[in-house]
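Inspection log for the structure reproduced underneath, given as C-alpha cells.
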Amino acid sequence: MSAIIRAAMPADVESICALLHTKMNSRIPLNRWRQLVSYTWLSEKPDFGRVVENGGQVLGYCGMVYADRMIGDAPGNLRRERIVSMSSWYLDKSLRGQGLGRDMLLSAIDDPSLTYATLTNSRKPLGIVEALGFQVLEDRRYVWRKAGTSDPGIHLIKDCAMIEQQVPDYQQQILRDMKQQPVEPVLMQVAGEQSLVFLSIKSKGENVCWFDVQYVSNPSLFVDCAQALANTLLPDQPSVLAVDGRFVGYAVEDGVCEHLPVARYYVSQRVAPHEIDHLYSELQLLDLKLD
C-alpha cells in the first residue's frame, strides 16, 4: 500500500504525539507534544497540520499552529491575518528518499491567503525549504548587555492585570492568549510613550540568561531605549537582551549585530517580515529556546 499525505485530524493526535516523542525528540514529554494541537486561542482549527499515513500508521508529520493576528502599525489601522507557525517536520526513515517529506510540506503551504513561518530550523532541510519558495524571514539579531545602573526614566510594569488596563483591546487579547505560555510580558513606559514587550527568558550556552524579544508593539521606542532597558531589566549575572533585526528596522549604534546560527523562513503574499513575530508558535507550545 502506497503512502498518502492528508490533513491531520483529531483521531490522529495520539499517533502524532507518539511519533514525535519516540522518533523525533524523547526529551519533550507527550503532554507537551499535545499542546501543538490543544492550544486554545483558536477554537475552530482547520486541521492540525499534515500527516503521512502508510498501512494505517502515521509515519510522518508537519505541524501547523494557526493564529488570527491583528496586523498593522496603529490601533486604528489594523487588519486580521491568519499566520501559521510550522512545527515538527518529521518523516520516518523507512519512507525517506521518495519525496514524501517535500510533498508533505508543499501540501501544508498550499493556501496563498495564509502566511507561513518557520522560526526554529536545523540546517538539514534548508535546501528543501528554499526550493519550495520560502524566503528568509530573518538572519540577524541585535543584543545588548547590562552596561550601567537602572534608568529612572524607564518605568516597567510586569503585572498582567495592570498591563491589561493600559493597552488597547488587541493587545489585551494577546495577554490573555499568552497567560499560560512560558513568556513574560513587560510594559515599558518612557516620557509619555509605551511599548508592550513579550520576552522568553532562558539560559543558553555557558549559563548566560537570554531575554529574547518575542513581540514588541512599538519598535522605535524599544530601539531608542534598548540599552537603558537592558540596564534596568537585566540581572547582574551574565545576561543579554536580544531582538531580531526585522523588529528594529534600521542599524542601531549601541547594540551588537550578530548573524543567527540558522536563518528563519516564511512564505507570504500578504504580510511583511516585520509584521511576523514569535508568539502563537511552537516556541511557546513546546517551550523551546529561540535559537
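The values are calculated or read from the model by the stated rules, or taken from the named source; none is laboratory data. Quantities reported herein were computed from a predicted structural model and do not represent experimental measurements. Positions of Cβ are backbone-derived with ideal geometry, glycine not excepted, and every protein chain shown enters the neighbour counts.
A few notes on this one:
- Condition check for T115 on (1) touching a Lys or Arg at 6+ places or on another chain (Cβ under 7 Å); (2) closer than 18 Å to L36 by Cβ: one failure, at (2).
- Segment 235-254 - residue that is over 22 Å from the mean Cα position of the chain (by Cα) and in contact (Cβ under 8 Å) with a residue 12 or more places away in the chain and, of those, nearest to L105 (Cα to Cα): V252
- Across segment 1-39, the number of residues qualifying as part of a loop (DSSP other than H, G, I, E, B) and in contact with a strand residue (DSSP E or B) (Cβ under 6 Å, 6 or more places away or on another chain) comes to 2.
- Test: P46 is surrounded by fewer than 17 Cβ atoms within 10 Å (Cβ to Cβ) and under 19 Å from I109 (Cβ atoms): yes
- Some residue of segment 207-217 being surrounded by fewer than 17 Cβ atoms within 10 Å (Cβ to Cβ), touching a Lys or Arg at 6+ places or on another chain (Cβ under 7 Å) and in contact (Cβ under 8 Å) with a residue 60 or more places away in the chain: no
- Residue match in segment 123-136 (condition: closer than 22 Å to V213 by Cβ and touching a Pro at 6+ places or on another chain (Cβ under 8 Å)): no
- Qualifying residue in segment 1-20 (condition: surrounded by fewer than 22 Cβ atoms within 10 Å (Cβ to Cβ), under 25 Å from L175 (Cα atoms) and touching a residue at least 24 places away in the same chain (Cβ under 8 Å)): no
- Residue within segment 225-234 that is outside any strand (DSSP E or B) and under 19 Å from the mean Cα position of the chain (by Cα) present: no
- With respect to the conditions (1) out of contact with any Leu (no Cβ under 7 Å at 6 or more places or on another chain); (2) surrounded by 13 or more Cβ atoms within 10 Å (Cβ to Cβ); (3) of a type in the set (S, T, Y), Y90 falls short on a single one, namely (1).
- All positions within segment 110-158 that are surrounded by 15 or more Cβ atoms within 10 Å (Cβ to Cβ) and in a loop (DSSP other than H, G, I, E, B): L114, L119, T120, N121, P125, L132, F134, R145, K146, D151, I154
- Any chance S195 is surrounded by fewer than 20 Cβ atoms within 10 Å (Cβ to Cβ), hydroxyl-bearing (S, T, Y) and over 16 Å from the mean Cα position of the chain (by Cα): no
- Within the span defined as segment 63-84, every residue fails to be within 22 Å of Y215 (Cβ to Cβ), part of a loop (DSSP other than H, G, I, E, B), out of contact with any Pro (no Cβ under 8 Å at 6 or more places or on another chain) and in contact (Cβ under 8 Å) with a residue 60 or more places away in the chain.
- Unmet criterion (only one of (1) surrounded by 12 or more Cβ atoms within 10 Å (Cβ to Cβ); (2) over 30 Å from D110 (Cα atoms)) for Q165: (1)
- Check on D111, in the same structural domain as K23 (by TED's automatic domain parsing) and closer than 16 Å to Y266 by Cα: yes
- Residue in segment 134-146 that is basic (K, R), in contact with a Cys (Cβ under 9 Å, 6 or more places away or on another chain) and either within 19 Å of E275 (Cβ to Cβ) or modelled with pLDDT of 95 or more (or both) present: yes
- Across segment 49-68, the qualifying residues are those that are surrounded by fewer than 22 Cβ atoms within 10 Å (Cβ to Cβ) and within 17 Å of the chain's Cα centre (by Cα), and the one among them that is farthest from S281 (Cα to Cα) is D68.
- The condition (being more than 18 Å from the chain's Cα centre (by Cα) and farther than 22 Å from L233 by Cα) is satisfied by just one residue among G99, G153: G99.
- Test: residue in segment 228-235 that is touching a Gly at 6+ places or on another chain (Cβ under 6 Å) and either assigned by TED's automatic domain parsing to the domain that holds R32 or surrounded by fewer than 21 Cβ atoms within 10 Å (Cβ to Cβ) (or both): yes
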